[in-house]
Amino acid sequence: MSGIQFKNVTKLYQQGENQVLALDDVSLTVEQGEFIAVIGPSGSGKSTFLATAGALLQPSKGEVIVNSKNLNELRSKDLVRLRLEEIGFILQTSNLVPYLNVLEQLLVVKRMAGKLLKQDEEYAKELLQSLGLAAKLEKLPEQLSGGERQRTAIARAFINNPSIILADEPTASLDSKRAHEVVQLIAKETKTRNKAAIMVTHDERMLEYCDKVYRMEDGRLKHYDFQS
Amino acid sequence: MFLAIRELKHGKLRFLMIGVITVLIAWLVFILSGLGNGLSTLSAATFKNMDADYVTFEEGARSSMSRSLLSESLVEELESQPSVSAASAMGATMGTVINNSDSNKSEKVDIALLGINPGSFLEPKVIEGKPLQTNEPLEVIANDTLKKKGFKIGDTLQIEGSLEKIKIVGFVKNETYNHLPAIFTTLDEWRSIQFSAPGSDKGIEKPVNAIMLQGEKIDSEEINQLFNNTETVTKATAIQGMPGYKEENGTIMMMLAFLLAISAFVLGVFFYVLTLQKSNQFGILKAIGASNRFLGRAIVSQVFLLSSISIVLGILLTYGTALILPNEMPFSLDLKLVVLYALLLLGISVLSSLVSVRKITKIDPLQAIGRME
């Protein structure tokens, strides 16, 4: 099945003499078209959770399944491929390549996969247009506002048409108007393009756009009922 | 290339700085190689040009003409060896000549007087005038650099310390010996100048300094055993035995080696620092799916591009420098050497960037995600 599944995932860190339990028996399913949020205080294991979902960390125990592929069984080369083709990362702001313009930020991802085709460029322009960046194609990150940078990052995450979207604090360093816009956009793109999306955030104002919300505390993931 | 070119354009100043350093290094490398080539030509052009494979010296001469004295009668014996296809003797003397035909008669000129058999494989082709004749012992052929000193065909020269007067009948090109322009004469004439003092020939009949051998399959050990009191070496060894040759070449080679090593470290360190600076950026690119290969290629192609442009500029500057260098400077650029050093420099800079590539493979994409707990 497509989407992303955590089956009894545990992650232990060795820190000197102590073992730190970053993820404690986490189970979760996110299906296509679903947008979920994970909240929690810092140090709760949110980032570990996202890195594990994004094939950047191997779990100590349990299985992570992305589009029916068990990540434990993939070689590191295949994991790179999977990140490129099936996962779209939206990272914190200013994580764009400083010397590439908006259009090139997207094209470089295409180049990682191989040759750049004419239709790729067309698709990139369409995508940027739908995110309201049509007038900014030639701009470098330093010439963009925080919101525009984050929209570029969203476009970059969608360029390979991945089935999974992972967002790491996408609203950090944005004012609340921009923050709402950005999360609304992620929600809209997730629905219209039928993606499975996970957003890690500590910004509770953003939860109204999500289908489900989980709260992470000391490595444990719990369903969270929020009243909007 | 995509990332490489974009970044070069974006960071013009920093890449300009490293580019200028590379240009200067390349410039110096090419100038040194031109100087080395010029010096070694001046020192041993005659030996380099001669169509011989081995040289027989007197035992103990350590491949030096000036320390060696043999009898010309050995030539026939050497030639009778099956591996030797031809043999011919040579004698060398350093001397000073005065041009008697020059009206102002003021300038004395240092020359190398080389005795050879007319018509042998040791006689260089004349580019002007006529070659040596056995029955005209006073006719000589001279290197064409002497023309700049006012020497012409038909001039008679007085050799200092000798009563002999010789006449230039032809000019040859690129024949210098022991840093001096060469004048070729017959062996008999050379002997009458070199051994004019009684007893200076040490009682050797028809003395010569060395015998050059043709024959690619010559076994020098075998010749050494067959002929007492001789030592046969390859032409390359004989060139090394030219006075000052090893020392001059060694000095220049050492400078070149140091320069190349320095350029490797300068470029390597520069790109390594740049890579460290960008490690967060590379981490992000790796997180979104860039392979080590993709990022490594970006670095290597950047170094390749920058070095290529710098080296080409260095070559242009070197040829420009060659135009304004004084004529007396022993500077000669050999296209083959220029290409060789250009490729060597390029290879070294690309190799030095591999340190950065290794760093890239070690960057953890995890650092792109938030603050890791």
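Results, tabulated for the structure shown:
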| quantity | calculated |
| --- | --- |
| Hydrodynamic radius by Kirkwood, which averages 1/r over all alpha carbon pairs of chain A, in angstrom | 18.0 Å |
| Across A:K11/B:K362; B:K108/B:K206; B:K286/B:K359, pairs whose alpha-carbon gap is larger than 19 Å | A:K11/B:K362; B:K108/B:K206 |
| Which of A:A124, B:L285, B:V29, positive extreme of dipole for the protein assembly as shown (C-beta unit charges) | A:A124 |
| Percent of C-alpha pairs per 20 Å bin, the protein assembly as shown, short to long | 17, 31, 18, 16, 16, 3, 0 |
| Among B:P137, B:L180, B:T93 the positive-end extreme of the charge dipole of the stretch B:69-208 (Cβ point charges) | B:L180 |
| Gaussian network model of chain B, Cα within-10 Å springs - most flexible of B:L113, B:L13, B:L35 | B:L13 |
| Cα centroid separation - the stretch B:252-266 against the stretch A:71-134, whole Å | 42 Å |
| Lys, Arg +1 and Asp, Glu -1 on Cβ, resulting dipole of chain B about Cα centre, debye, nearest 20 | 3040 debye |
| Per-bin percent of Cα-Cα distances, the stretch B:311-373 [10 Å] | 16, 28, 20, 14, 11, 8, 3, 0 |
| Semi-axis lengths (Å, descending) of the ellipsoid that matches the C-alpha gyration tensor of the stretch A:157-228 | 20, 16, 12 |
| Degrees, to the nearest 10: A:102-113 long Cα axis against longest axis of chain A | 60 degrees |
| Cross-link reach list, lysines versus A:K69, counting only Cα pairs under 18 Å and skipping chain neighbours closer than eight places | A:K7, A:K61, A:K77, A:K195 |
| If the convex hull is drawn through the Cα atoms of the stretch B:259-360, its volume per residue in Å³ | 97 Å³ |
| Share, in percent, of DSSP beta bridges within the protein assembly as shown that are antiparallel, nearest 5 | 65 percent |
| Cβ neighbours within 10 Å from other chains - mean over B:277-284 | 2 |
| Charge-dipole axis of the protein assembly as shown as Lys and Arg at +1 and Asp and Glu at -1 on Cβ define it, positive-most pick from B:S120, A:L57, B:S301 | A:L57 |
| Convex hull per residue volume in Å³, alpha carbons only, for the stretch B:24-88 | 123 Å³ |
| Within the stretch B:69-208: Cβ-based charge dipole about Cα centre, in debye rounded to nearest 20 (Lys, Arg +1; Asp, Glu -1) | 560 debye |
| Lysines whose Cα lies under 20 Å from that of B:K48, excluding same-chain neighbours fewer than 8 positions away | B:K125, B:K173, B:K217, B:K235, B:K246, B:K336 |
| Burial ordering of B:M90, B:M50, fewest other beta-carbon atoms within 10 Å first | B:M50, B:M90 |
| Three principal axis lengths of the stretch B:69-208 [C-alpha, angstrom, descending] | 52, 35, 29 |
| Normalised alpha carbon radius of gyration of the stretch A:36-83 [divisor 2.2 N^0.38 Å] | 1.22 |
| GNM flexibility winner over chain B from B:G91, B:G283, B:G34 (Cα, springs under 10 Å) | B:G283 |
| Top of A:T192, A:T171, A:T152 by mean-square fluctuation, Gaussian network on chain A, Cα under 10 Å | A:T192 |
| Neighbouring partner chain Cβ atoms per residue of A:50-59, average, 10 Å criterion | 3 |
| Alpha-carbon radius of gyration plus Dmax, which is the widest Cα pair, for chain B in Å | 29.0, 100 |
| Charge dipole (debye, nearest 20) of the protein assembly as shown; +1 at Cβ of Lys and Arg, -1 at Cβ of Asp and Glu | 3020 debye |
| Percent breakdown of C-alpha pair distances by 5 Å bin, ordered from the shortest bin, for the stretch B:222-272 | 4, 16, 12, 13, 11, 10, 9, 8, 6, 4, 3, 2, 1 |
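Any read-out appearing in this document is the output of simple, stated calculations on the displayed coordinates, not a laboratory observation. Please read all numbers here as calculations on a predicted model, not as lab measurements. Counting neighbours? That spans all protein chains shown, and the Cβs are built from the backbone with ideal geometry, glycine included.
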